[in-house]
Amino acid sequence: MENLIDDLIKLAFAEDIGDGDHTTLCCIPEDAEGAQKLIVKEDGVLAGVEMAKRIFAAFDPTLKMEQFLNDGDEVKVGDIAFIVRGKVRSLLQTERLMLNVMQRMSGIATVTRRYARQLEGLKTRVLDTRKTTPGLRMIEKEAVKIGGGVNHRIGLFDMILLKDNHVDFAGGITNAIKRAQSYLKEKGKDLKIEIEVRNLDELQEAIDCGGIDRIMLDNFTPELTRKAVEIIGGRFETESSGGITFDTLRSYAECGVDYISVGALTHSVKGLDLSFKACE
């Protein structure tokens, strides 16, 4: 999947620079050298330092970074994450892409860390979802890991997740599971199977059918979740999903589920305020 990140960087530069950064080209001499520092302007969790290195290297391998902070570090206003030295033209043309990526990733890591801390002392881990920005999924999911969360499937190719629409179109829980099992056998693929259930009847049908790895309890109340976990009895991994907020997160975790998936980790996060300024 590394090629997707390389493609993202190329596309982002093409989108931003086009046929040239005429502002920089008109006023900065080609041989001018300088340095800029990344300044933290908001408390949070830093993420995207390694991505910044890739961005700088892709545009101008002669740029040199002096690094003071790492991905996953908790930062406060005024902290300096790194200083980059080299051609001023290169610094100015990479600035916005680097900031866009790091602000987005740091915002996700900051929110994820907050959710992960809410689960301290319990076995439950917080999962991301596919509710990501198109084209940015790999870096957004990396930010979730940096913040202390766990990646669910990356896309539609690395796990079978039979959701409500799949179940309804397939004609029920048993049909959906049996077709998934037959498909994997026919294609020679080794993928985990997860089934979403909407009530205790569907749960029992999924358990009776078997041959699955995880059961997603969709839009269950905490009370129903606790009962479902008891019924499952550790035979399958369990995941709670659907409208779970930060305030209700721990009450679901205390029911004993293995995972809680939270779309809010990626779909509506505010970027962390960072700035890239010339060194005096």
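The values are calculated or read from the model by the stated rules, or taken from the named source; none is laboratory data. Keep in mind that what you see is a predicted model, and the values were worked out from it rather than measured. Neighbour counts run over all protein chains shown; Cβ positions are idealised from the backbone, glycine included. Side chains are part of the model used for accessible areas, which takes the heavy atoms of the whole protein and leaves out ligands, DNA and RNA. Shrake-Rupley method; radii C 1.70, N 1.55, O 1.52, S 1.80 Å.
Below 8 Å between Cα atoms, with a sequence gap of 6+, how large is the relative contact order for segment 154-225 in percent?
Working: 81 pairs, mean separation 23.3, N = 72.
Relative CO of segment 154-225 lands at 32 percent.
Could you state the angle between the C-alpha long axis of helix 137-147 and the longest principal axis of the C-alpha atoms of the chain, as a value from 0 to 90 degrees rounded to the nearest 10?
Here the helix axis deviates by roughly 90 degrees.
Taking amide H positions as placed in the peptide plane 1.01 Å from N, state which residues far from R125 in sequence (5 or more) or on other chains have amide H under 5 Å from it.
The list, which skips near neighbours in sequence, is Y259, I260.
Could you give the dipole magnitude of the chain about its Cα centre, charging the beta-carbon of Lys and Arg +1 and that of Asp and Glu -1, in debye to the nearest 20?
Dipole of the chain, to the nearest 20 debye: 260 debye.
At 222 nm, what helix-only mean residue ellipticity would the chain give, in deg cm²/dmol to the nearest 500, using -39500 (n - 2.57) for each DSSP H run of four or more?
-14500 deg cm²/dmol
At what distance in angstrom do the alpha carbon centres of segment 166-213 and segment 41-92 lie from each other?
Cα centroid of segment 166-213 versus Cα centroid of segment 41-92: 45 Å apart.
Tell me, what HN-Hα J-couplings in whole Hz come from the Karplus equation 6.51 cos²θ - 1.76 cosθ + 1.60 at θ = phi - 60° for each residue of segment 34-46, using x for Gly and Pro?
After applying 6.51 cos²θ - 1.76 cosθ + 1.60, I find x, 8, 10, 10, 8, 10, 7, 10, 7, 5, x, 10, 7 Hz.
If the cut-off is a Cα-Cα distance under 18 Å, which lysines reach K277, setting aside same-chain residues fewer than 8 apart in sequence?
K37, K41, K53, K64, K76, K87
Take each of the peptides 26-34, 59-67, 137-145, 95-103, average the number of other beta-carbon atoms within 10 Å over its residues, and list them starting from the highest.
The densest-packed peptide leads the list: 137-145, 95-103, 59-67, 26-34.
Which loop chymotrypsin sites (Phe, Trp or Tyr not before Pro) in segment 140-189, with loop taken from DSSP, have no more than 11 other Cβ atoms within 10 angstrom of their Cβ?
Details: sites: F157, F169, Y183; in loops: F157.
The qualifying sites are F157.
For segment 1-141, report the accessible area per residue in Å² (1.4 Å probe, heavy atoms, rounded to an integer).
51
Could you tell me whether segment 123-237 comes out rounded, prolate or oblate from its Cα gyration tensor? Rule is a ≥ b ≥ c as square roots of the eigenvalues, rounded for a/c under 1.5, then prolate if a/b exceeds b/c, otherwise oblate.
Values: a/c = 1.91, a/b = 1.23, b/c = 1.56.
Here segment 123-237 falls in the oblate category.
Counting only protein heavy atoms and using a 1.4 Å probe, what share of the accessible area of segment 1-108 belongs to carbon plus sulfur, as a whole percent?
Here carbon and sulfur together make up 53 percent of the probe-accessible area.
Which residues' amide hydrogens lie under 5 Å from the amide hydrogen of D79, considering only partners 5 or more residues apart or on another chain, with H built in the peptide plane?
Residues meeting the amide H criterion: V40.
Carbon and sulfur atoms: what percent of the 1.4 Å accessible area of segment 113-239 do they account for?
The nonpolar share, carbon plus sulfur, comes to 48 percent.
Expressed as a rounded percentage, what relative contact order does segment 191-238 have, with Cα pairs under 8 Å and six or more residues apart? Each step should come with its number before you reach the end.
On the way: 49 pairs, mean separation 19.6, N = 48.
Answer for segment 191-238 is 41 percent.
I want to check the label-to-label distance for F157 and L200. Put each point 7 Å from Cα in the C-beta direction and report it in nm to one decimal.
Going from the F157 label point to the L200 one covers 4.2 nm.
Taking the chain as the reference, fit the longest principal axis to its C-alpha atoms, fit the long axis of helix 2-17 to the helix C-alpha atoms, and give the angle between the two in degrees, 0 to 90, nearest 10.
50
With an 8 Å cut-off on Cα pairs and a minimum separation of 6 or more residues, tell me the relative contact order of the chain in percent.
23
Which far-off residues, 5 or more places away or on another chain, put their amide H under 5 Å from the one on L191, with H placed in the peptide plane?
none
What is the angle, in °, between the Cα long axis of helix 173-187 and the longest principal axis of the Cα atoms in the chain? Nearest 10 is fine, range 0 to 90.
60
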